[in-house]
Amino acid sequence: AGSESQKGEHLPKLAAGEAIGTLAIHEADGRYDLGGTQASVKGGKLSGVKIPVCDGTIANLAIVSAKGAKGVSLYLVDLDGNGVSREEIKTMELCRKQARITFKDAPAELLGKEGQGEALYNQILDRMGVLVANEQLGGAQRSFEMARDYAKERYAFGRPIGSYQAIKHRIVDMFAKITLARSNCMYGAWALQDSPDDLAEGAALARVSASDAYLFAAQENVQIHGGIGFTWQADPHLFLKRMKHLELLIGSEGVWRERLFQVIEKKAAA
């Protein structure tokens, strides 16, 4: 949605790692759409509070939703500029910092057309859905590998615990969910690159299946590791915490199921 000058200024820095961007959409009401947006813009100055903002403590640039004369729009805000204050908030995922960002008459630059924030945000969500789903898939795969390897080396009653049927069933169920998620993530990645008309469906399918696979794999990984699984002496709990973070980052699995149903209904009506 950016103008050529906006793209020329920001995209090279983001691609080179010279700048970090984030999305500042959510507010205290906990909604994942823009219907409850209270932040506002007047005369090019943005005021309001966004919480939580992923990577908000380290980002240099944010896309921020705010109400203006024509409704909700998206704006580019320099987080290192005037009128911006940040406060780290504590979450269960200690490796991915979250922040409360307060804007008070912060200079804001319109992104796209005024009043088109909802449409642009939905486009962003579809793209983020595919990318986050692939991160979830990677976490699920690693959780599966950790559980499988531990089941081979941990002995109980003179046998590897992986030889017991109860453990075998859990590992096979993890594998099945991950295989389904991988297929849907590949479909979403294909749609993102080659088929814009299928992106909404591909993103929702990838997000729903990857959320389910990561949830199951992360939980089972902790269970298969037993008592050590939730201690700092082992890694399973780190994947469990990242799973919860990614599950809620851009809307829960239920939110994405609803998006999928809407896509299916729209296709059926057409």
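The values are calculated or read from the model by the stated rules, or taken from the named source; none is laboratory data. Quick caveat: nothing in here was measured; it's all calculated off a predicted structure. Positions of Cβ are backbone-derived with ideal geometry, glycine not excepted, and every protein chain shown enters the neighbour counts. For the accessible areas, the whole protein counts, side chains as well, though only heavy atoms, and no ligand, DNA or RNA atoms are used. Shrake-Rupley method; radii C 1.70, N 1.55, O 1.52, S 1.80 Å.
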Taking a label point 7 Å from the Cα of K45 along Cα-to-Cβ, the residues of the range 69-100 whose backbone nitrogen sits under 13 Å from it are 82-84
Pseudo-spin-label distance E18 to T91, built 7 Å along Cα→Cβ, given in nm, is 2.9 nm
Contact order relative to length for the range 64-195, counting C-alpha pairs under 8 Å separated by 6 or more residues, stands in percent at 20 percent
Quick shape summary for the chain, equivalent ellipsoid via Cα gyration tensor, semi-axes whole Å in descending order, reads 39, 22, 15
Here the net charge surrounding I101, from other residues whose Cβ is less than 13 Å away from its Cβ (Lys, Arg +1; Asp, Glu -1), is -1
At R0 = 41 Å the Cβ-Cβ FRET efficiency linking T179 and D78, nearest 0.05, sits at 0.40
Residues meeting the amide H criterion for G112 (H placed from the backbone, H to H distance under 5 Å, 5 or more places apart or on another chain) are S3
Heavy-atom accessible area of the range 199-270 with neighbours in place, 1.4 angstrom probe: carbon+sulfur share in percent works out to 59 percent
With label points set 7 Å from each Cα along the Cα-to-Cβ direction at D105 and D197, the distance between them in nm comes to 5.1 nm
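What is the extension gain from S163 to A119, computed as 0.36 nm multiplied by their sequence separation minus the C-alpha to C-alpha distance, in nm to one decimal? Let's see the in-between values first.
On the way: separation 44, 0.36 × 44 = 15.84 nm, distance 5.22 nm.
Stretched fully, the S163-A119 segment lengthens by 10.6 nm.
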To the nearest Å², the heavy-atom accessible area per residue of the chain with 1.4 Å probe amounts to 52 Å²
